[in-house]
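None of the figures in this text is laboratory data; all of them are computed from the coordinates on show. Note that this is a predicted model, so its numbers are computed, not measured. Cβ: placed from backbone, ideal geometry, glycine included. Neighbour counts: every protein chain shown.
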Amino acid sequence: MLKKLTLLFLLINLISAQQQQLPDFKFQKIKDNFYLLQVFIDGNKLGANIGIYVGESELLVIDTHFAGLYPWLRNSFKQITDKKIKYTINTHWHPDHNSGNSFMGEEGIIIAQQNVLERLSSPQIGVGLGKPGARAEFPARPFSDLPKITFQESLDLLIDSSKVRLRHFPNAHTDGDCAVFFDDLKIVYLSDLYWPDEYPFADVYTGGNVIGIRNTLQDIVDETDDDYIFISGHQTTGSHTDLINYIAMIDKSVELVKSQWNTDSDYSSIKMDGVTQWSSDLVPDSVWVRMIINSL
Ligand SMILES: [Zn+2]
């Protein structure tokens, strides 16, 4: 995220210096009335995704990106609709998913799992969020940024006549992850529980756990079917089969680590043959191995 924050500061400077270098706000129609918004600057993806459900008379928005992009980000919604926001959901505490809360919160109520409120209400330290080993301090957020409705395990919302289910999966990507089920559309917004082309990121410093991610995804596979689409918080989407294959990749990774690691060994000697194609800048093999060890 630090790299992304640097990009963001550059972006704000560009906007204020020239008043014209706006990023690209790209909307992808996932299904019927559901859109995925991604932000790009000079072709580089910036920050987390935003999910937008367009109801008959109002909107439900998932995550709020960075504060520095407002009001441009909100205005970009006009590409798809003029409707107002009724609810905004924060999928977890990481700032690239909720730093625009005070802007979105002026229009619709912010909702999150209880642990998200607790973390945003107090200073947090982020480790490895933007690149391996990076450490960043985040101050407690002002009242305007905080979720105003929270839940423990689950919450159902009605947007017009459609039911939307929010469900907490403890100890997965963080301690406060919420997956959002649109059962009428057969969509589940998984946010950072799912990184289709990369190893997942378990923030073990704030309650995340690789095994927790694995078990979360298994629960979700078990209660959905082949018609469902699963949306990622930073990439795009995956199918039911993709999710099953992703779980198999996590299982194989855990097996590889267990079979090669003991407390006397150096984790850097562990080889991830057969899964290394999932490594990324954010979670290279060495970080993935450590994340698994920290999760066992
Ligand atoms: Zn995250």
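Straightening the chain between Asp184 and Gln277 buys 30.0 nm, computed as 0.36 nm per residue apart minus the Cα-Cα spacing. With 0.36 nm allotted per residue and the present C-alpha distance subtracted, the Glu223-Asn44 stretch has 60.9 nm of extension available. Take the Cα of Asp251, step 7 Å toward its Cβ, do the same at Lys163, and the gap between the two points is 3.1 nm.
Report, in deg cm²/dmol and to the nearest 500, the calculated mean residue ellipticity at 222 nm for the chain, where each DSSP H run with n ≥ 4 adds -39500 (n - 2.57) and the sum is divided by the residue count.
Numbers: 7 runs with 79 residues, N = 296.
Rounded to the nearest 500, the figure is -8000 deg cm²/dmol.
Put the Cα centre of region 264-296 next to the Cα centre of region 122-185 and the gap is 26 Å.
Among residues other than Asn115 whose Cβ falls under 15 Å from its Cβ, what is the net charge (Lys/Arg +1, Asp/Glu -1)? Don't skip to the answer; put the middle values down first.
Working: positive: Arg119, Arg141, Arg167; negative: Glu118, Glu153, Asp175, Asp177, Asp192, Asp203.
Result for the neighbourhood of Asn115: -3.
Rounded to two decimals, what is the ratio between the C-alpha radius of gyration of region 162-296 and 2.2 N^0.38 Å?
So the Cα radius of gyration is 1.05 times the expected 2.2 N^0.38 Å.
Each principal axis of the Cα atoms in region 21-146 has its own extent, and those three values, largest first, are 40, 33, 25 angstrom.
Please state the shape class of region 153-195: rounded when a/c is under 1.5, otherwise prolate if a/b exceeds b/c and oblate if not, all from the C-alpha gyration tensor. List each step's numbers first, then the result.
Working: a/c = 3.69, a/b = 1.73, b/c = 2.14.
Since a/c reaches 1.5 but b/c is at least a/b, the shape of region 153-195 is classed as oblate.
Report the charge-dipole magnitude of the chain in Debye, nearest 20, computed about the Cα centre from +1 at each Lys and Arg Cβ and -1 at each Asp and Glu Cβ. Let's see the in-between values first.
Working: 25 positive and 38 negative charges, 170 e Å.
My answer is approximately 820 debye.
Quick one: which of Lys84/Lys148; Lys131/Lys186; Lys31/Lys148; Lys45/Lys163; Lys45/Lys271; Lys45/Lys252 span more than 26 angstrom between C-alpha atoms? Distance filter (> 26 Å) returns Lys131/Lys186; Lys31/Lys148; Lys45/Lys163; Lys45/Lys271; Lys45/Lys252. Distance distribution P(r), the chain, all Cα-Cα pairs, bin width 10 angstrom from 0: 6, 29, 36, 22, 6, 1, 0 percent.
Helix 240-260 and the longest principal axis of the C-alpha atoms of the chain enclose an angle of approximately 40°. Our estimate of slack between Tyr267 and Val127, defined as 0.36 nm per intervening residue step minus the Cα-Cα distance, is 48.5 nm. In degrees from 0 to 90, rounded to the nearest 10, what is the angle of the helix 285-295 Cα long axis to the longest principal axis of the chain? Helix 285-295 and the main axis of the chain meet at about 90 degrees.
Each peptide among 39-52, 95-108, 73-86, 114-127 gets the average number of other Cβ atoms lying within 10 Å of its residues, and from highest to lowest they stand as 95-108, 39-52, 114-127, 73-86.
I need His168, His65 ordered by Cβ neighbour count within 10 Å, fewest first.
Values: His168 21, His65 27.
Ranking His168, His65 by Cβ neighbours within 10 Å, fewest first, gives His168, His65.
The Cα atoms of region 86-125 cover 30, 17, 14 Å along the three principal axes, with the biggest extent listed first.
To the nearest ten degrees, helix 210-222 and the longest principal axis of the Cα atoms of the chain are 60 degrees apart.
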